[in-house]
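Colleague: My questions will all concern the structure given below.
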Amino acid sequence: MADAAMRLTSLAEELLGGPLPVRVRAWDGSESGPEGAPVLVVRHRRALRRFLWRPGELGLARAWVAGDIDIEGDLYQALDLLSGVVWERGDAPRGGLLRAARDPRLRSAAAALLKAGGTLPPPPPPPEEVRRRSGPLHTKTRDRQAISHHYDVGNDFYELVLGPSMVYSCAYWGEEGAAGLADAQRAKLDLVCRKLGLREGDRLLDVGCGWGSMALHAAREYGARVVGVTLSTEQAAYARKRIAEEGLTDRIEIRVQDYRDVRDGPYDAISSIGMAEHVGQVRYREYADRLFTLLRTGGRLLNHQIARRPEKDEAAYHVDEFIDRYVFPDGELSPLGRTVGALEDAGFEVRDVEAIREHYARTLRAWVANLEADWDRAVGLTSPGRARVWRLYMAASALSFERNRIGVNQVLAVRPRDTGDSGMPLRSRAWAG
């Protein structure tokens, strides 16, 4: 295929019905497209087969993870530009573009692209993709497998990406922007502790405790006695090591346990930071009920959770294919209103909601910078495909937060007393106990 880039650009624009906003460099070294724009590098013609047999996001994701395509230039700008032509114009139906295209002109363009990619069947998905899942959604076994896929990829890899704080959720940045990532994560943990009104000797349940950072902060700075639960064996081992090194084993217990199996309440406070996204809509009321039962009367819950924008037709909501196959299997996002409603239905009184969407965009950009700064080591700690998954999902997520496609909220709720007294200060935003 002589001058492959020009031919690819022409055919892509015919299929998309508009100009391609990025420059293209093909496997033969040819280039085409707007000067100065980010470059979509098509390293191998098999990328075309991946995309044509699975049009839209998943086909592109497979080509990216496999290294068949890459971006040169500003990754964020490239993703922003491509989102307008790949996602906003809609994905083609499953079964391949040739079956989907009814317009003879489009079918001809698709056939030409398929010929350029070779006539063989599509390559198998990259090994990093989750393919075989069985049984109903959000059973304990299936949830444990999903959590393992995402979190049991190596603690050294997460240290590289997250930095010394080992906090894998939205940081809390100051207005002046001078603080670094570690300071912003410390500020977030302290904010959670203050919202919960933690005092010396309080029992705290940290649901989805990760690598133990919240538990350590609550025990060290506030004197709390903490039980942290996680489904990840690697996280639990890492957290226990940190706790022992700080001499806090008498105050913190880390369990590999499903939150549904916790039976030793009541707790004075519960923190759930970046965990509820794994619960699933079919289980969310059960989640809220369980936490309500585990909390003492007058106790506080801090639920820190990513939220999506509401759909006009909620039945049309579907999980992002790339995220589901490569990042968070079976993860689901709910609108903020549904989360608040479920907590209220369970009996909680919701006392405060703080939206921190812009904070997460900045956090994700910091993680991407960490990954890119030590790329070769990151690849060595996992695999080239896994490192590429994390770079793509974190950069794309940063843009989604910036563009208000998704948000993140801290919801503070109380298990009410029979008297109606919430136990909260009159001006709660001071976050005194």
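The values are calculated or read from the model by the stated rules, or taken from the named source; none is laboratory data. Note that the coordinates shown come from a computational prediction; the quantities given were computed from them, not determined experimentally. Quick reminder, even Gly has a Cβ in these numbers, built from the backbone with ideal geometry, and neighbours come from all protein chains shown. Note: accessible area is taken over every heavy atom of the protein model, side chains too, but ligands, DNA and RNA are not part of it. Shrake-Rupley method; radii C 1.70, N 1.55, O 1.52, S 1.80 Å.
Colleague: Classify the range 149-230 as rounded, prolate or oblate from the Cα gyration tensor: take a ≥ b ≥ c as the square roots of its eigenvalues, call it rounded if a/c is under 1.5, otherwise prolate when a/b beats b/c and oblate if not.
Modeller: oblate
Colleague: If you wrap the range 215-327's Cα atoms in a convex hull and average its projection over all directions, what's the area in nm²?
Modeller: Dividing the Cα hull surface by four gives the mean projection, 9.0 nm².
Colleague: Where the accessible area of the chain is counted over protein heavy atoms with a 1.4 Å probe, how much of it, in %, is carbon and sulfur?
Modeller: Carbon plus sulfur share of accessible area: 50 percent.
Colleague: Let me ask something else. Can you classify the range 295-345 as rounded, prolate or oblate using the Cα gyration tensor, where a ≥ b ≥ c are the square roots of its eigenvalues, rounded means a/c under 1.5, and otherwise it's prolate if a/b beats b/c and oblate if not?
Modeller: oblate
Colleague: Write out the chymotrypsin sites (Phe, Trp or Tyr not before Pro) in the range 313-382 meeting two conditions: DSSP loop, and at most 14 other Cβ atoms within 10 Å of their Cβ.
Modeller: 317
Colleague: Right, another one. Can you list the trypsin sites (Lys or Arg not before Pro) in the range 274-352 that are in a DSSP coil and have 12 or fewer other beta carbons within 10 angstrom?
Modeller: Within the range 274-352, the qualifying trypsin sites (Lys or Arg not before Pro) (loop, at most 12 other Cβ atoms within 10 Å) are 312.
Colleague: Rounding to the nearest 10 and keeping the result within 0 to 90°, find how far the Cα-based axis of helix 357-373 lies from the longest principal axis of the chain.
Modeller: Tilt of helix 357-373: around 60 degrees.
Colleague: Within 10 Å of each candidate Cβ there may be at most 14 other Cβ atoms; applying that plus a DSSP loop requirement, which GluC sites (Glu not before Pro) in the range 258-338 survive?
Modeller: In loop regions of the range 258-338 (DSSP not H, G, I, E or B), the sparsely surrounded GluC sites (Glu not before Pro) are 311.
Colleague: Let me ask something else about it. Expressed as a whole number of Å, what is the distance separating the alpha-carbon centroids of the range 183-239 and the range 390-406?
Modeller: First find each Cα centre; the distance between them is then 26 Å.
Colleague: Mean residue ellipticity at 222 nm from the helices of the chain, using -39,500 (n - 2.57) per DSSP H segment of n ≥ 4 over the full residue count, to the nearest 500 deg cm²/dmol?
Modeller: -13000 deg cm²/dmol
Colleague: Dividing the alpha-carbon radius of gyration of the chain by 2.2 N^0.38 Å (N being the number of residues), what value is obtained?
Modeller: Output field value: 1.07.
Colleague: Moving on. Given the Cα-Cα distance of residue 152 and residue 377 and 0.36 nm per residue of separation, how much length would full extension add, in nm?
Modeller: 79.2 nm
Colleague: Then there's this: May I ask you to work out the translational diffusion coefficient for the range 351-433 at 10 °C, viscosity 1.306 mPa s, via Stokes-Einstein with Rh from the Kirkwood sum over Cα pairs, reported in whole µm²/s?
Modeller: 101 µm²/s
Colleague: Something else about it: With angles folded into 0 to 90 degrees, how steeply does helix 4-16 sit against the dominant principal axis of the chain? Use alpha carbons for both and round to 10.
Modeller: Between helix and principal axis, roughly 70 degrees.
Colleague: In addition: How tilted is helix 213-222 with respect to the longest principal axis of the chain? Cα atoms for both, answer in degrees (0 to 90, nearest 10).
Modeller: Once rounded, the angle reads 30 degrees.
Colleague: Same structure, new question: Could you tell me how far the Cα centroid of the range 329-354 sits from the Cα centroid of the range 144-160, in Å?
Modeller: 26 Å
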